[in-house]
1. Looking at region 22-67 only, could you name the residues that are modelled with pLDDT under 90 and among the small types (Gly, Ala, Ser)?
2. I need a count of the residues in region 142-152 that are within 19 Å of Val334 (Cβ to Cβ), open to solvent by 10 Å² or more (accessible area, probe 1.4 Å) and of a type outside the set (A, V, I, L, M, F, W, C).
3. Give the residue, chosen from Ser251, Ser264, Ser235, that is within 23 Å of Arg153 (Cα to Cα) and touching a residue at least 12 places away in the same chain (Cβ under 8 Å).
4. Restricting attention to region 149-162, report how many residues are in contact (Cβ under 8 Å) with a residue 60 or more places away in the chain and under 14 Å from Ile180 (Cβ atoms).
5. Please give the number of the condition Leu212 fails out of (1) within 28 Å of Glu379 (Cβ to Cβ); (2) buried (at least 21 other Cβ atoms within 10 Å of the Cβ); (3) not acidic (Asp, Glu).
6. May I ask you to list the residues in region 163-184 that are part of a loop (DSSP other than H, G, I, E, B) and without any contact (Cβ under 8 Å) to a residue 60 or more places away in the chain?
7. Does region 430-447 contain at least one residue that is part of a loop (DSSP other than H, G, I, E, B) and within 19 Å of Asp84 (Cβ to Cβ)?
Amino acid sequence: MLKQMLDYAFQVSSCTSLQPKTKLLVESLKGMKENKNDQWTKVMRSVNMENLRTGYLFPEISRREYEHSEKYPDAKIIKLGIGDTSEPIPDCIASAMAKQAMALSTVEGYSGYGDEQGEKALRKRIAEKFYKNMDVKWEEVFVSDGAQCDISRVQMLFGSHVTVAVQNPSFPAYIDSSVIFGRAGNLQEQNGKYERIVYMECTPQNDFFPDLSNTPRTDIIFFCSPNNPTGTAASASQLRRLVDFATANGSIIVYDSSYAAYISDGSPTSIFQIPGAKQVAIEISSFSKFAGFTGVRLGWTVVPKELSYSNGFPIVKDYDRIVCTCFNGASNIVQAGGLACLSTEGFQAVSKVLNHYKENAKILIEAFRGLGMEVYGGENAPYLWVHFPGSSSWEVFAEILEKTHILTIPGRGFGPGGESYIRVSSFGHRQTILEASKRLTSSLRKFNFN
């Protein structure tokens, strides 16, 4: 009987008309058949994990890249998809990490465990450099191994009963971590949305900022600016409305400012530039795209002392407990690199690299607009949000990969609001970006995506 059920699961798994609970059961049965081990435990799989969409977006892109390389082994694939930095870390920063690493081989320079919250010197420097005149204290800064890890650590602060709102389109980690913590409800196959998550539509028509007058109250509001994937940054007046909305509703904003260093038009680089934000917001940020630390791993989260639960208990105390329980602190070698980034010499060096990526974005914008495409972003973030009206984003992704050997990201991977868009990264060596521009201009002019 079990064998018949497993065989049936594989036969119907591609059916798009399955009810959500049936689809979850089918996926579970498929997983059982793929498990070659005859000895199973008696531990049930988490229903929250079963409720996740099959596969995380970026590994799926990598899988398709591999398939394409197998099909075209001689093709030079250009990767403008997953937002991974390409330029070397400046020497003054890499040298600081090397010096710290070599010091560990000496009696005088060796150190073991550090503070879970991060080294005091780095916490102070982050507060001084990024939050000047915002009354952010160094004790409110928690150094980490990156923003994505902190998204889940912040989720641990709240119970499964809390309600969540996200921008649509949105970075997948906000939604997927909400699903894992049991806050999402079932996935609705007809629209690709989870039933308990509020999706705040962000489109060109509303300047990529949600209509808060028609947004229901939620406990948590995930908000990213400059935004991934659209590449757009919220203005001071827009963030003022967001803070006022959260204040009126007693909500907490989880604000992702990982791309703030790319802001070029004077838009706020932190939610704490807005009066009253310290009472309603947590900010998560990162060295990854700012300093090329995607592989090195370093980030931080600011939890203001003024922020409290409904009973008045300070949230920062719980976050400190979570960090001390779940994390032993960022590498002392990496933290030395972080301090070097924020030195005068280091900051000037990483700023040059940022300008390189901004120039790359201009080249790609020119290429797509030369093809008559509507392009958003690219000015305040290393991402372009390119519109192909009436087209499936996955089909556009596949067509561009097939005809130009260029990897992008289908907008649908960032939620239903990303349909008919692709995200294009400006990370890459200059010659690679120029080659990508040439391929796009010569190849896509021949194709009609509508």
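The values are calculated or read from the model by the stated rules, or taken from the named source; none is laboratory data. As the structure is a prediction and not an experimental result, all values here were calculated from the model. Because the Cβ atoms are built from the backbone with ideal geometry, glycine has one as well, and the counts that use them run over all protein chains shown. For accessibility, only protein heavy atoms count, side chains too; no ligands or nucleic acids. Shrake-Rupley method; radii C 1.70, N 1.55, O 1.52, S 1.80 Å.
1. Across region 22-67, the qualifying residues are Ser28, Gly31, Gly55, Ser62.
2. 2
3. One residue alone meets the criteria, Ser251.
4. Looking only at that region, the number is 6.
5. (2)
6. Thr163, Arg183
7. Within region 430-447 (the criterion being part of a loop (DSSP other than H, G, I, E, B) and within 19 Å of Asp84 (Cβ to Cβ)), the answer is no, since none of the residues qualifies.
Okay, residues lined up against (1) of a type in the set (Phe, Trp, Tyr); (2) touching a Lys or Arg at 6+ places or on another chain (Cβ under 8 Å); (3) touching a residue at least 12 places away in the same chain (Cβ under 8 Å):
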position	(1), (2), (3)
Asn355	no, no, no
Asn360	no, yes, yes
Gly370	no, no, yes
Gly377	no, no, yes
Ala381	no, no, yes
Pro389	no, no, yes
